[in-house]
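One structure below.
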Amino acid sequence: MASLEVRRSPPRSRRELEVRSPRRDRYSVLLPTYNERENLPLIVWLLVKSFSESGINYEIIIIDDGSPDGTRDVAEQLQEIYGSDRILLKPREKKLGLGTAYIHGMKHATGNYIIIMDADLSHHPKFIPEFIRKQKEGNFDIVSGTRYKGSGGVYGWDLKRKIISDGVLPCCPGWSLLRLSDPPILASWDYSRGANFLTQILLRPGASDLTGSFRLYRKEVLEKLIEKCVSKGYVFQMEMIVRARQLNYTIGEVPISFVDRVYGESKLGGNEIVSFLKGLLTLFATT
């Protein structure tokens, strides 16, 4: 009886294996926090729920800036509940700014995509799967949540918040968790269309929502943008989009509903508004 000859395929190179079996995408959520003790458990639970139901590979990186309200203690408890492979706690001793918080978080991120969002429940994680679908459909470098297109809108803003963002906006139904019994707060007039309007006129960035902070980035794109950005505070998010256009990065948009915080106090005050206007003029003069 003739023996069977077993032919072994030559070993594949690492490059061939990567082409044939591309690695699974992993999404790192950066959550900068300051006095978010009450909001943090809810936003983490919603993130875990959204990722688990969608089968998305993820990690959540909490960057707490020395919160005096015990936010770090809560984060440590969440890490015990969900596991250190899913919840990474990377605290800092004091408030050092949003941009540096992202830099600090990215040093520990293992994902090839970075998601930035607020920890105060203003951004619902249910939109993240839509961000990911949008990115895949258009192969975008950045996907930004927008309150100003399609079904996007705002719940619960007072006049001060509308001035810093964009005057009167139609409210978008569909926030299924919070303030179900509260009517949306609408301003009675358009206050010069606020900061977003001014930015569109002065900078012409080609994106509808510049002051928002709910976005998905390719990791290498976010790293490059942070290198280029010089702004701090609320102007930082705006400069990110302006610089992205200068560097010819592609930007997709997904309509979102934004809900004002339920717990804790807003970080937006009079000083931030003045700083925003100064930063806007600086960007206009230098870009």
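The values are calculated or read from the model by the stated rules, or taken from the named source; none is laboratory data. Note that the structure is a prediction, hence the values are computed from the model and not measured. Counting neighbours? That spans all protein chains shown, and the Cβs are built from the backbone with ideal geometry, glycine included. For the accessible areas, the whole protein counts, side chains as well, though only heavy atoms, and no ligand, DNA or RNA atoms are used. Shrake-Rupley method; radii C 1.70, N 1.55, O 1.52, S 1.80 Å.
Do the conditions hold for L121, that is, is it over 17 Å from the mean Cα position of the chain (by Cα) and at pLDDT below 95? Full working, then the answer.
Values: over 17 Å from the mean Cα position of the chain (by Cα): no; at pLDDT below 95: yes.
No: the conditions fail for L121.
Within the stretch 110-150, track down each residue that is of a type in the set (D, E, K, R), surrounded by 21 or more Cβ atoms within 10 Å (Cβ to Cβ) and touching a Ser or Thr at 6+ places or on another chain (Cβ under 6 Å).
Of the stretch 110-150, the ones of a type in the set (D, E, K, R) are 118, 120, 126, 130, 133-134, 136-137, 141, 147, 149.
Subsequent filtering for residues that are surrounded by 21 or more Cβ atoms within 10 Å (Cβ to Cβ) retains 120, 141, 147.
Within the stretch 110-150, just D141 meets the criteria.
Open to solvent by less than 40 Å² (accessible area, probe 1.4 Å), more than 14 Å from the chain's Cα centre (by Cα) and at pLDDT 90 or above: does that describe G105? Full working, then the answer.
On the way: open to solvent by less than 40 Å² (accessible area, probe 1.4 Å): yes; more than 14 Å from the chain's Cα centre (by Cα): no; at pLDDT 90 or above: yes.
No, not satisfied.
When the stretch 255-276 is examined, which residues are found to be modelled with pLDDT under 65 and not in a helix (DSSP H, G or I)?
R261, V262, Y263, G264, E265, S266, K267, L268, G269
Test of understanding: among G252, G279, which residue is at pLDDT 65 or above and over 29 Å from P129 (Cβ atoms)? Working first, answer last.
On the way: G252 fails: over 29 Å from P129 (Cβ atoms).
Unique residue meeting the criteria: G279.
Here is a yes/no grid of residues against (1) part of a helix (DSSP H, G or I); (2) in contact with a strand residue (DSSP E or B) (Cβ under 7 Å, 6 or more places away or on another chain); (3) open to solvent by 10 Å² or more (accessible area, probe 1.4 Å); (4) not hydrophobic (A, V, I, L, M, F, W, C):
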| site | (1), (2), (3), (4) |
| --- | --- |
| L225 | yes, no, no, no |
| V230 | no, no, yes, no |
| Q237 | yes, no, no, yes |
| R245 | yes, no, yes, yes |
| G252 | no, yes, no, yes |
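Condition first: acidic (D, E), within 12 Å of N35 (Cα to Cα) and under 20 Å from the mean Cα position of the chain (by Cα). Now tell me which residues in the stretch 58-101 satisfy that.
Pass one, the stretch 58-101, residues acidic (D, E): 59, 64-65, 69, 73, 76, 80, 85, 93.
When the remaining residues are screened for being within 12 Å of N35 (Cα to Cα), the result is 64-65, 69, 73.
Matches in the stretch 58-101: D64, D65.
Give me the pairs: first residue in the stretch 239-253 and acidic (D, E), second residue outside any strand (DSSP E or B) and open to solvent by 60 Å² or more (accessible area, probe 1.4 Å), beta-carbon distance under 9 Å, and six or more apart or on different chains, which are they?
E239/K228; E239/V230; E239/T287; E253/K134; E253/K149; E253/G150
Determine if the stretch 37-50 includes at least one residue that is open to solvent by 10 Å² or more (accessible area, probe 1.4 Å), touching a helix residue (DSSP H, G or I) at 6+ places or on another chain (Cβ under 7 Å), part of a loop (DSSP other than H, G, I, E, B) and closer than 23 Å to G97 by Cβ.
Just the residues of the stretch 37-50 that are open to solvent by 10 Å² or more (accessible area, probe 1.4 Å), to begin with: 37-38, 41-42, 45-46, 48-50.
Then drop every residue that is not touching a helix residue (DSSP H, G or I) at 6+ places or on another chain (Cβ under 7 Å), which leaves 37, 41, 46, 48, 50.
When the remaining residues are screened for being part of a loop (DSSP other than H, G, I, E, B), the result is 37.
Pick out the ones that are also closer than 23 Å to G97 by Cβ and you get 37.
Among the residues of the stretch 37-50, at least one is open to solvent by 10 Å² or more (accessible area, probe 1.4 Å), touching a helix residue (DSSP H, G or I) at 6+ places or on another chain (Cβ under 7 Å), part of a loop (DSSP other than H, G, I, E, B) and closer than 23 Å to G97 by Cβ, which makes the answer yes.
Please specify each residue of the stretch 151-164 satisfying the condition of being touching a strand residue (DSSP E or B) at 6+ places or on another chain (Cβ under 9 Å), surrounded by fewer than 22 Cβ atoms within 10 Å (Cβ to Cβ) and at pLDDT below 70.
G156, R161 - these are the residues of the stretch 151-164 that are touching a strand residue (DSSP E or B) at 6+ places or on another chain (Cβ under 9 Å), surrounded by fewer than 22 Cβ atoms within 10 Å (Cβ to Cβ) and at pLDDT below 70.
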